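Notes follow the structure.
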2 protein chains.
Amino acid sequence: MRITRETDYAIRCILYLSELPDKVAMAGEIAEAMKIPKSFLAKILQKLTRAKIVHSFRGVKGGVRLAKKPEDISLLDVINTIEGDVGMNICAVNEKACDQSKECSVHHIWIEIREAVENILKRYNFENLRK
Amino acid sequence: MRITRETDYAIRCILYLSELPDKVAMAGEIAEAMKIPKSFLAKILQKLTRAKIVHSFRGVKGGVRLAKKPEDISLLDVINTIEGDVGMNICAVNEKACDQSKECSVHHIWIEIREAVENILKRYNFENLRK
DNA sequence: CTAAATAGGATAAAAATAGTCTTAATTATG
DNA sequence: CATAATTAAGACTATTTTTATCCTATTTAG
Ligand code: SF4
Ligand code: SF4
């Protein structure tokens, strides 16, 4: 019932970029500062780029910077980008995944938890997260 | 960020036993009723037995029944038994797991979520879960 | 004594996680 | 234009976790 290391790395990465909103930072620089394996971060940045959370520049003096203001990026956005929907059980994400969901008395609890977790994750953005 | 099938099976199993509080049910019977692979359920029942959530009887006419009243078994109890602490990130379970937890501005959010999830999971016991 | 049941442990297949590596495309600069 | 630096994309790999199964031992009602 955990987020993955990949997601934790993605969050750290956005945290770093939020401190330097206009700088174009290279993957290597972020990796070193936030202690993320460099080639793994490169793949994570690709996902964040496709999700339009960061904007990337190729070539010499390339790198990445945030594509939005820190306050417009929530923790939930980053988690959704890296690992998809937040659900504590398959049935909270896809009703059809379990054929018992209609009669199951536990099903609604997973929905309730999902909503509670998403609400917390939406409340935090990378502006109010800065110390 | 999901509970495992094993945990879902354990919950279904307690759900079944809660409907028959005094009956000594065999693993095979529970497995069939709740659509749980039988030999997997056998292992799950061992964990539930060690945790004193169910009481088991060996030999002919053996089986398991709840060791407590349904209202004294929470969803959290079952989850803790099968997969340990509920934490959305390692640092919410073990501070030492990440050396950045002191300076990390996200750390406290995982603690907040952990507490929110645990509170929901504590509210539901197998008495108030029965339809 | 025997058949039926759980206990415990070893084993195994499949999936997910956590990365690495290679090649291609892009681009600033000399 | 040539080159070096950088991301993009995808193949590949190692490790760990998940999801079981199977075998042997122990227990016990009849
Ligand atoms: S909680 Fe109920 S509906 Fe959801 S996966 Fe488990 S059995 Fe299916
Ligand atoms: S949230 Fe912060 S403290 Fe927790 S694991 Fe990630 S980096 Fe470490």
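When residue B:64 is tested against (1) within 14 Å of ligand 2 (Cβ to nearest atom); (2) within 19 Å of the chain's Cα centre (by Cα), just one condition goes unmet, and that condition is (1). The single residue among B:28, B:63 that is of a type outside the set (Ser, Thr, Tyr) and loosely packed, with under 14 Cβ neighbours inside 10 Å turns out to be B:28. For the range B:10-31, a residue qualifies if it is charged (D, E, K, R) and more than 14 Å from chain A (Cβ to nearest Cβ), and the qualifying residues are B:22, B:23, B:29. For residue B:2, the conditions (1) within 10 Å of chain A (Cβ to nearest Cβ); (2) over 18 Å from the mean Cα position of the chain (by Cα); (3) not β-branched (Val, Ile, Thr) are fulfilled apart from (2). Residue A:4 satisfies every condition listed in (1) surrounded by fewer than 19 Cβ atoms within 10 Å (Cβ to Cβ); (2) without any contact (Cβ under 8 Å) to a residue 60 or more places away in the chain except (2). Here the range B:84-107 is the region considered, the condition is being in a helix (DSSP H, G or I) and facing another protein chain (nearest Cβ under 10 Å), and the residue that is surrounded by the most Cβ atoms within 10 Å (Cβ to Cβ) is B:92. When residue B:81 is tested against (1) facing another protein chain (nearest Cβ under 10 Å); (2) among the β-branched types (Val, Ile, Thr); (3) touching a residue at least 60 places away in the same chain (Cβ under 8 Å), just one condition goes unmet, and that condition is (1). Based on this model, can you work out whether residue B:47 counts as basic (Lys, Arg) and surrounded by fewer than 16 Cβ atoms within 10 Å (Cβ to Cβ)? So residue B:47 does not fit the description; no. Candidates A:120, A:53: the one that is away from chain B (no Cβ under 11 Å) and either of a type in the set (Val, Ile, Thr) or in contact (Cβ under 8 Å) with a residue 12 or more places away in the chain (or both) is A:53.
Just so you know, all these numbers are worked out from the coordinates, no wet-lab data involved. Please read these numbers as outputs of a predicted model, since none were measured by experiment. Neighbour counts run over all protein chains shown; Cβ positions are idealised from the backbone, glycine included.
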